[in-house]
Amino acid sequence: MFRLPEYSYPCGARLCLWRRYARSGRQREGDEMQSSRSMRAWALVMFAVFVAFLLAASALDRGAEAQEAPGVLAGKKIVVDAGHGGGDAGAANARYGLVEKDQTLDVSRRLKALLEASGATVYMTRTGDGTLSNSDRYAYANRTGADILVSVHMNGSSDPAANYTTVLFGKWRKDKALAVALLDGLHPALGIPRRDPYSFASGVLLKSEMPAAIAETVFITSDAEGRLLSDGTGARQQQIAEALKTGIEGYFRTP
Ligand SMILES: [Zn+2]
């Protein structure tokens, strides 16, 4: 059979061109794939750098917060004196089964935890149901060399409607500023009326060498207070502890 020579075969030439085109097309696709792969790799690297930057920034932020957290209480030495104890029950609310010595210890423990979380060192005059005299309390406080002494109490009245918060001080110069600051923490935070601080001749206040005050936080004998304190959640006790902490912070913040 007659055949044209290969080079002059038009179809062959077209085929040849098409093949060349197809080959170069594949190459182009290959190049594009190559470059899109490296673009993706760069994007990943940039994203990783960005994420690393964010993580580092948030870690720095957390570090700063951790440093800020202790604030004004950092390094402060505070005596927390849970009022009454042992054979001295203090006031009581029979209707709600509340006894002052237990409630003051509950609030004092919460206050201790809050103060320590803010960097303070806390000395408790009692951690259990021990009986302490006033001289036991101030002698212990004086041995610690603490900056302040906060005595935690609850008030009592024969009137179940009576309820307000107040703070007692011993010596005007030594204790008054602490009493005022504590009351500013308690009121209006506790949502009950306040009575301005007044002086009270207690050995705990008069014989302690550091600023000292007795916080008569709430009336344990109040019906409304009895309901709150005995609801089993500990929310009212926590609120009282937080209000005391706010007052203590206010005291140390004031020059
Ligand atoms: Zn008391």
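The values are calculated or read from the model by the stated rules, or taken from the named source; none is laboratory data. Everything quoted here is computed from the prediction, not taken from an experiment. In this analysis, Cβ positions are derived from the backbone assuming ideal geometry, glycine residues included, and neighbour counts consider all displayed protein chains. Heads up: the accessible areas ignore ligands, DNA and RNA and are worked out on the full protein's heavy atoms, side chains in. Shrake-Rupley method; radii C 1.70, N 1.55, O 1.52, S 1.80 Å.
At a 10 angstrom cut-off on C-beta neighbours, averaged per residue, how do the peptides 126-132, 138-144, 246-252 rank from highest to lowest? Show your work: numbers first, answer last.
Details: 126-132: 14.6, 138-144: 17.9, 246-252: 21.1.
Most protected by this proxy first, the peptides run 246-252, 138-144, 126-132.
Could you tell me which of rounded, prolate or oblate describes region 72-253, using a ≥ b ≥ c as the square roots of the eigenvalues of the alpha-carbon gyration tensor, with rounded for a/c under 1.5 and, failing that, prolate when a/b is larger than b/c and oblate otherwise? The partial results should precede the final answer.
On the way: a/c = 1.44, a/b = 1.35, b/c = 1.07.
Rounded is the answer for region 72-253, as its axis ratio a/c remains below 1.5.
Can you tell me how much longer the chain between Asp223 and Glu116 gets when fully stretched, taken as 0.36 nm per residue apart minus their C-alpha distance, in nm with one decimal? Numbers along the way, then the final one.
Working: separation 107, 0.36 × 107 = 38.52 nm, distance 3.24 nm.
Here the answer is 35.3 nm.
Lys171: which lysines have alpha carbons under 16 Å from its alpha carbon, excluding same-chain residues fewer than 8 sequence positions away?
Lys207
Residue separation times 0.36 nm, minus the C-alpha to C-alpha distance between Ala94 and Asp196: what's the value? Please report the intermediate quantities before stating the final value.
Values: separation 102, 0.36 × 102 = 36.72 nm, distance 2.81 nm.
Full extension from Ala94 to Asp196 adds 33.9 nm.
Dipole size in debye (nearest 20) for region 72-253 around its Cα centre, Lys and Arg Cβ +1, Asp and Glu Cβ -1?
Working: 21 positive and 20 negative charges, 104 e Å.
For this selection, approximately 500 debye.
When the accessible area of region 87-175 is computed with all protein chains present and a 1.4 Å probe, what percentage of it is carbon and sulfur? List each step's numbers first, then the result.
On the way: 1950 of 3990 Å².
Roughly 49 percent of what the probe reaches on region 87-175 is carbon or sulfur.
Roughly how many Å is it from the Cα centre of region 135-184 to that of region 101-129, as a whole number?
14
Along the Cα→Cβ direction, 7 angstrom out, place labels at Arg173 and Gln238. What is the inter-label distance in nm?
Placing both labels 7 Å along Cα→Cβ, they lie 4.3 nm apart.
Evaluate E = 1/(1 + (r/R0)^6) for Ala139 and Ala161, where r is the Cβ-Cβ distance and R0 equals 45 Å; express this FRET efficiency to the nearest 0.05.
Details: r = 39 Å, r/R0 = 0.86.
Once rounded, the FRET efficiency stands at 0.70.
Could you provide, to the nearest whole Å², the per residue accessible area of region 72-253 with probe 1.4 Å?
41
Using packing as a proxy for protection, rank 212-219, 180-187, 103-110, 38-45 so that the peptide with the highest average count of other Cβ atoms within 10 Å comes first. Please report the intermediate quantities before stating the final value.
Numbers: 212-219: 28.1, 180-187: 22.4, 103-110: 24.2, 38-45: 10.0.
So the order, starting with the most tightly packed, is 212-219, 103-110, 180-187, 38-45.
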